[in-house]
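The numbers here are math on the coordinates, done by the rules we state, and not lab data. Fair warning: this is a prediction, and the values are worked out from it, not measured in the lab. Because the Cβ atoms are built from the backbone with ideal geometry, glycine has one as well, and the counts that use them run over all protein chains shown.
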Amino acid sequence: MDVMDWAVGDLLGLRIPAHSEALRAGGVAFLTAAFQATGALSADNRVKQITQFEECPGGSTGRKLLLSVEYERPAPGLHTNLFVKFSRDFDDALRDRARIQMELEVRFALLSRIPEFPIAVPVCYCADYHHGSGTGILITERVPFGKGSIERHYPKCMDHLLPNPLEHYQALVTALARLAGTDKAGRLGNVAAQFPFEPEKLAVSERPPYTAKQLQNRIARYADFAAEFPQLLPANIRSPAFTTKLSQDVARFPEHMPAINRFLGSKPAFVALCHWNANIDNAWFWQASEGRLRCGLLDWGHVSQMNLAMALWGSLSGARTELWDDHLDALLALFIQEFQGCGGPPLDAWELKLHLELYVAMMGLTWLLDTPPLIKQRIPDLAQAKGPLDECILADELSRSQLQMMTNFLNFWERQDFGRALDQFLLRAQS
């Protein structure tokens with residue numbers, strides 16, 4: 001792979017480094033110019049010294065650094081511990097192909113610097129992107145997890161670690177709603193131009209849907225999995241009665257998926273700027289002065305306008321199934337309240353839930369029915385697992401996440417009867 005060192009960004013016109021050694025070479029002169037270009041650093045101040053420059057592993061795209069600096073004139077709110085994210089990874093072609101994901105993330109980081117931005121996100125110090133090469137850089141404050149009033153970082157689908165799961169999901173839903181509502185109120189500028197609504201590019205649409213026969217084959221495979229590993233699943237989604245009805249229901253969906261997609265994109269009130277994966281691992285939490293738990297949201301890859309149901313699933317998909325059973329309606333009501341409180345249009349609770357049911361049905365049928373063979377392959381001694389919280393499952397992030405999301409998808413299907421939801425959709429389409 002050819003390595004390029006620098007590119008000129010399309011948004012701020014910055015000459016931006018493509019990798020860590022280029023950033024090291026640019027040093028304090030580059031950092032000063034970049035921080036001043038975004039408005040994070042005043043024109044009469046400068047970065048005086050780099051005190052930490054450390055590679056940071058992880059993530060699915062780009063290379064990352066932990067960066068610490070000193071300023072000539074320290075000031076309140078001027079962060080010294082920073083996080084650097086490059087779009088490029090010249091040592092890994094697969095990760096490097098995902099470089100296009102940063103363009104919208106950079107746009108969002110710059111947008112977040114406007115006064116009175118409605119939610120907490122990491123303060124942006126540098127953000128620019130060159131579309132032609134896919135070269136981008138993002139430098140933000142580094143969230144100090146586990147220090148002061150900020151809670152520790154919570155891995156995805158590890159909600160048994162949360163001291164109060166409902167309170168944390170109330171904070172997540174509130175943040176989603178406030179951003180979406182502020183967008184609908186028109187207080188974020190021309191969002192449509194910067195973040196166009198392109199549902200065909202969203203993750204659920206990246207793979208052609210399975211045929212009815214393929215889906216029924218996967219349900220048969222899931223039924224075998226449920227019989228072989230009953231300790232991993234709640235009783236209501238491993239019963240033969242459920243899997244029989246599920247097999248009948250799934251066969252009805254493929255022919256209607258294009259119409260469902262059009263429906264989910266045809267209601268302007270239900271489309272807004274959102275985080276697509278606002279789960280607990282992409283957030284930080286603290287107790288606010290008024291006594292409520294608040295959160296900020298990290299990792300804005302894929303940020304765009306989307307159906308609100310997609311954002312809600314992205315936030316709730318990794319929650320414990322009990323939260324879906326006991327608190328979903330209250331969380332949707334909270335979302336509607338906060339959405340309208342920030343200037344969004346009135347939403348009908350019944351229709352929002354229908355959108356969620358239809359979206360989750362399509363997402364699950366497209367992506368989650370391949371979970372059983374994946375887990376069996378990754379955990380050869382799965383039969384020894386005592387339950388979904390067994391260490392052999394918790395230790396494998398992909399397995400625990402896929403198992404929890406598949407469980408939530410099928411439990412939601414059983415509780416709400418997605419066959420009925422499809423009937424309701426078809427009746428509305430005919431009227």
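Compute the distance from the alpha-carbon center of region 318-394 to that of region 54-127, in whole Å.
A separation of 29 Å, based on Cα centres.
Using a Debye calculation, one point per C-alpha and no hydration shell, please list log10 I(q)/I(0) for region 167-233 at q = 0.20, 0.27 Å⁻¹ in order.
-0.91, -1.10
Semi-axes, largest first, in whole Å: what does sqrt of 5 times each Cα gyration tensor eigenvalue give for region 6-86?
Gyration-tensor ellipsoid for region 6-86: 20, 16, 11 Å.
In what sequence do Met306, Met4 fall when counting other Cβ within 10 Å, fewest first?
By the 10 Å Cβ count, ascending: Met4, Met306.
Exposed loop GluC sites (Glu not before Pro) only (DSSP loop, at most 11 other Cβ atoms within 10 Å): please give the longest stretch of the chain free of them, not including the sites.
For GluC sites (Glu not before Pro) (loop position, at most 11 other Cβ atoms within 10 Å), the longest site-free span of the chain is 291-431.
In whole angstrom, how long is each semi-axis of the equivalent ellipsoid of the chain, when you take the square root of 5 times every eigenvalue of its Cα gyration tensor and sort them from largest down?
Whole-Å semi-axes of the equivalent ellipsoid: 39, 24, 22.
Give the order of Phe425, Phe145, Phe418 when sorted by the count of other beta carbons within 10 angstrom, beginning with the fewest.
With the fewest neighbours first, Phe425, Phe145, Phe418 line up as Phe145, Phe425, Phe418.
In the P(r) worked out for region 347-419, what percent of Cα pairs fall beyond 22 Å?
33 percent
I want to check a number: in the chain, how many lysine pairs have alpha carbons closer than 17 Å, given a sequence separation of 8 or more or different chains?
5
So what is the calculated 222 nm ellipticity per residue for the chain, using -39500 (n - 2.57) for each DSSP H run with n of 4 or more, over all residues, to the nearest 500 deg cm²/dmol?
Mean residue ellipticity, 222 nm, calculated: -13500 deg cm²/dmol.
Take region 6-141, compute every pairwise Cα distance, and split them into 5 Å bins from 0; I just need the percent in each bin.
2, 11, 21, 25, 21, 13, 5, 1, 0
Over the chain, what is the relative contact order in percent, taking alpha-carbon pairs closer than 8 angstrom and at least six residues apart?
Relative contact order here is 16 percent.
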